[in-house]
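The values are calculated or read from the model by the stated rules, or taken from the named source; none is laboratory data. Since the structure is predicted, the reported quantities are computational estimates derived from the model, not experimental observations. Virtual Cβ from ideal backbone geometry, glycine too; neighbours counted across all protein chains shown.
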Amino acid sequence: MPTIPIIQVGDVIVSTDILTEHFCCDLAQCHGQCCVEGDAGAPLLTEEVLQMEAVLPAIEDELTPEARTVIAQQGVAYVDRTGELVTGIVAGRDCIFARHEDGCCLCASERAYRAGRTAWSKPLSCSLYPIREKRFSGGLTGLNLHRWDICAPARRKGRELGLPVYRFLRDALVRRFGETWYEELESVAAELRRQGMV
């Protein structure tokens, strides 16, 4: 079957493995390790720093004492060694919004949003994972699939459900690029399937 490595939808260059590979978070298996593992925080848009600060009053009591100390000392974000703006982390690991319950790591900010206590859930980079976004010159954006060992259960569950990455992340992609853009992505994916290219 012929394949193509990338497609373009509007100003967004999409790696086709986002259309062909499967994914569905399996918290019972991974225990939310994406909020803990790694050596830097989650990538942030500049405007998300203000949104993170705005939700703090609603969730501050749910954060660990260590997280509150980090926030008091450096704020909710910092610039990592690659020059990228990222969420604050505790002791080189946990996101400042990480909350451990019953052996799982959950996002305090997202929980507050789901409970209707805030109007903002969490950074787009968290919502879009395992898709990673890259900005190019000329106004183009690139979307690539990030593969992380701790997400092996999510890939397995996605295959079992027949759920492609882009459909699992529909809400996040609509949040980032809009409903019209997502509908165009769906149309492109359907046409590529019809042609046997994905």
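Only one of the listed residues (ALA189, ALA152) is out of contact with any Cys (no Cβ under 7 Å at 6 or more places or on another chain) and farther than 17 Å from ILE13 by Cα. That residue is ALA152. Regarding TYR113, is this residue among the hydroxyl-bearing types (Ser, Thr, Tyr) and surrounded by fewer than 19 Cβ atoms within 10 Å (Cβ to Cβ)? When the stated conditions are applied, TYR113 passes them.
Entry remark, segment 132-163: residues being touching a residue at least 12 places away in the same chain (Cβ under 8 Å) and small (Gly, Ala, Ser) number 5 in total. Among residues of segment 46-62 being within 21 Å of the chain's Cα centre (by Cα) and touching a residue at least 40 places away in the same chain (Cβ under 8 Å), the one that is nearest to CYS105 (Cα to Cα) is ILE59. Listed by position, the strands (runs of 3 or more DSSP E) inside segment 46-122 whose residues that are closer than 27 Å to ALA28 by Cβ number at least 1 are 85-87, 98-101, 104-107. When you look at ALA72, is it surrounded by fewer than 18 Cβ atoms within 10 Å (Cβ to Cβ) and more than 26 Å from ASP171 (Cα to Cα), yes or no? When the stated conditions are applied, ALA72 passes them.
Does segment 7-14 contain any residue that is modelled with pLDDT under 95, touching a strand residue (DSSP E or B) at 6+ places or on another chain (Cβ under 6 Å), outside any loop (DSSP other than H, G, I, E, B) and not aliphatic (A, V, I, L, M)? Among the residues of segment 7-14, not one is modelled with pLDDT under 95, touching a strand residue (DSSP E or B) at 6+ places or on another chain (Cβ under 6 Å), outside any loop (DSSP other than H, G, I, E, B) and not aliphatic (A, V, I, L, M), which makes the answer no.
Per-residue answers, yes or no, for (1) modelled with pLDDT under 95; (2) more than 16 Å from the chain's Cα centre (by Cα); (3) more than 30 Å from ARG156 (Cβ to Cβ):
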site	(1), (2), (3)
CYS30	yes, no, no
THR64	yes, yes, yes
ARG68	no, yes, yes
GLY83	yes, yes, yes
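For segment 164-184, a residue qualifies if it is of a type outside the set (A, V, I, L, M) and either touching a residue at least 60 places away in the same chain (Cβ under 8 Å) or more than 25 Å from TRP120 (Cα to Cα) (or both), and the qualifying residues are PRO164, TYR166, PHE168, PHE177, TRP181, GLU184.
Among the residues of segment 129-149, none qualifies, meaning not one is touching an Asp or Glu at 6+ places or on another chain (Cβ under 7 Å), surrounded by 15 or more Cβ atoms within 10 Å (Cβ to Cβ) and part of a helix (DSSP H, G or I).
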